[in-house]
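*Asks:* My questions all concern the structure below.
The values are calculated or read from the model by the stated rules, or taken from the named source; none is laboratory data. These numbers were taken from a predicted model, which means no experiment stands behind them. All Cβ positions, even for glycine, are placed from backbone atoms using ideal geometry, and neighbour counts span all protein chains on display. Note: areas computed on protein heavy atoms with side chains; ligands, DNA, RNA excluded. Shrake-Rupley method; radii C 1.70, N 1.55, O 1.52, S 1.80 Å.
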Amino acid sequence: MVGLRCLIFIPTYNEAENVEALYRRIESLGLASDFLFLDDNSPDGTGQVIDRLVAENPRVHAIHRPGKLGIGSAHRDGIRWAHQHGYQVLVTLDCDFTHSPEFIPEFLRCSSDYDVVLGSRYLCKNSLVDWSVLRKVLTGVGHFLTTKLLRMPYDATGAFRVYRLDRIPDGVFDAVYSRSYSFFFESLYVLWLNNYRINEISIPLPARTYGHSKMAWRDAAYSALLLTYLCAKTLINRKAFLYAEPLEPVGASSLKTRAEADWDKYWFSKSTPAPLIYDLIAAFYRRFIIRPALNHFTRLCFAPGSKILHAGCGGGEVDVDISHRYSISALDISLPALGLYRKHNGLWSEVIHGSVFQIPAPDRVYDGIYNAGVMEHFTVEEINHALGEFYRVLKPDGKILLFWPPAFGVTVRFLGIVHYVLRNFLKHDIKLHPDEVTHVRSKGQVNEYLKNSGFVLEKFSFGIRDLFTQVAIIARKPAISRGEPVPDRQRQFTHNTSAEIL
């Protein structure tokens, strides 16, 4: 590894009896590597031992977290730290001597030709000879499920690895949601789907030198749920796991509004069972219900080749079929959402980081505007503001298509029951999505909103096509005769020239 900066990462929790001995043993190998220890406020004094090693050697670094936040989140923090500090190679291993440091040089040599190198417990028959029967069974079941359900031909649940960070961007790991032991098979699955080169080296795993395993039954239960999620999500939307270059804000301010923060959290917060299950249901709903409905109604509204705006595009799963039919500009306030949009639709569509309340576009530029599952998140005042912006940027005789859930719709009723059960029976105050504050209650209500902004309602459809979940609303901006002045309501909204077109 000549010329490459290498970091050895070791997470710890109650490893006071092991941490210094492991460090000395690795140091004796004579590797030109730095060390990073991450401790979760171990009550046995592990953190103090690490601080002593830091004071002794400038190549040793430490992260102290306030409490036990999960082994998966520890590895994610270690990978992020290594990227931020310019390391090209990262070695990860446990602190309990189940991973023999003497294998590190072989791992490093192998990483010259591979992006990820794993220690495998299954290439050699007797690698688990010192383990208890229960631990062998749990590990064996995990290996069986990851190979059969995810079809990965690797020992995916081990932590003894080398990552070539000079070839693997940090953003690849943003598609990994687990913060516990399932981080290992989930992260490897994401790397495998992204076609990184992976190789295994046979290693024996002795029993722990001191201490005991920290894996709890809830970790095993979450791992089983996550395996099911990954398998089903791959069948529904494989592209969600693929890496796309992150979109960075260009403007001077990095401060987020509350709405931006809520939506960023929605797109990336899936580290507990309820959001995982909801995300799977939502992916199915977008793929098999909303996407076909959108295909149908866009054909009714917009001519092929039209320049149309998806105002509040989200992750873009619903646009996959129509992105080749129209010239789409995809607008959203959430950068993570726009990153997902790029994953699903490639470079077919322009993506714009901005708000529906200040659309960064000149007047009368779009032939049509549409969105799905957006308007219900706004107050009446905000709805009028957004519709005013739609009117401003829409060409005369252009149309808007809104999918807007009614108060009596199936999804609204279903999610109401789910939230009630979570709060009152499971005692979990979890918001599965940002608040929905204005549902459709009648055709007259919607017509009033549209008339206030100058639109003419053409179609109000609620039926079996989307399983009674959304009202499809089509409205038209009247053609303005030559020489007719632009209505005052168009002048009251100005677009934000600092928003980014990415």
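*Asks:* With a 1.4 Å probe and every protein chain left in place, work out the accessible area per residue of the range 147-206 in Å², rounded to a whole number.
*Replies:* Averaged over the residues of the range 147-206, the accessible area is 31 Å².
*Asks:* Against the longest principal axis of the chain, how steep is helix 183-193, in degrees 0 to 90 to the nearest 10, with axes from Cα atoms?
*Replies:* On a 0 to 90 degree scale, this one is about 60.
*Asks:* Here's a follow-up. On the accessible surface of the range 343-422, probed at 1.4 Å, how many percent belong to carbon and sulfur atoms?
*Replies:* 62 percent
*Asks:* At what distance in nm do the modelled label points of Val410 and Ala224 sit from each other, each positioned 7 Å from its Cα along Cα→Cβ?
*Replies:* Each label point is offset 7 Å from its Cα along the Cβ direction, giving 2.9 nm.
*Asks:* What whole-number distance in Å separates the alpha-carbon centres of the range 431-468 and the range 309-378?
*Replies:* Between the Cα centres of the range 431-468 and the range 309-378 lies a distance of 19 Å.
*Asks:* How much length would be gained if the chain were fully extended between Arg25 and His428, taking 0.36 nm per residue of separation minus their Cα-Cα distance, in nm to one decimal?
*Replies:* Using 0.36 nm per residue and subtracting the Cα-Cα distance, I get 140.6 nm.
*Asks:* So with the 1.4 Å probe, I'd like the accessible area per residue for the range 348-426, rounded to whole Å².
*Replies:* Heavy-atom accessible area per residue stands at 39 Å².
*Asks:* For the range 13-36 and the range 137-179, what is the separation of their Cα centres, given in Å?
*Replies:* 24 Å
*Asks:* Given the chain, what percent of its DSSP beta bridges are antiparallel, to the nearest 5?
*Replies:* 35 percent
*Asks:* Right, another one. Calculate how steeply helix 273-285 sits against the longest principal axis of the alpha-carbon atoms of the chain, using the helix alpha-carbon long axis, and give the answer as 0 to 90 degrees to the nearest 10.
*Replies:* It is inclined by approximately 40 degrees.
*Asks:* In degrees between 0 and 90, to the nearest 10, how far off the longest principal axis of the chain does helix 443-452 point, with axes built from Cα atoms?
*Replies:* 80 degrees
*Asks:* Next up: Over the C-alpha atoms of the chain, what are the Rg and the largest Cα-to-Cα span, Dmax, in Å?
*Replies:* 26.6, 88
*Asks:* Of all DSSP beta bridges in the range 290-424, what percent run antiparallel (nearest 5)?
*Replies:* 5 percent
*Asks:* Then there's this: How much accessible area per residue does the range 6-100 have, in Å², with a 1.4 Å probe?
*Replies:* Per-residue accessible area for the range 6-100 comes out at 37 Å².
*Asks:* Further question: Quote the relative contact order of the chain in percent (integer), defining contacts as alpha-carbon pairs under 8 Å separated by 6+ residues.
*Replies:* Here the relative contact order equals 11 percent.
*Asks:* If you don't mind, there's one more thing I want to ask. Going by a ≥ b ≥ c, the root eigenvalues of the Cα gyration tensor, does the range 240-379 fall in the rounded group (a/c under 1.5), the prolate group (a/b larger than b/c) or the oblate group?
*Replies:* Taking the square roots of the gyration eigenvalues as a ≥ b ≥ c, the range 240-379 is oblate.
*Asks:* Return the distance in nm (one decimal) between the two label points of a simple spin-label model at Phe288 and Lys443, each offset 7 Å from Cα along Cα→Cβ.
*Replies:* 3.2 nm
*Asks:* For the chain, what is the calculated [θ] at 222 nm in deg cm²/dmol (nearest 500), taking -39500 (n - 2.57) for each run of four or more DSSP H residues and dividing by its residue count?
*Replies:* -11000 deg cm²/dmol
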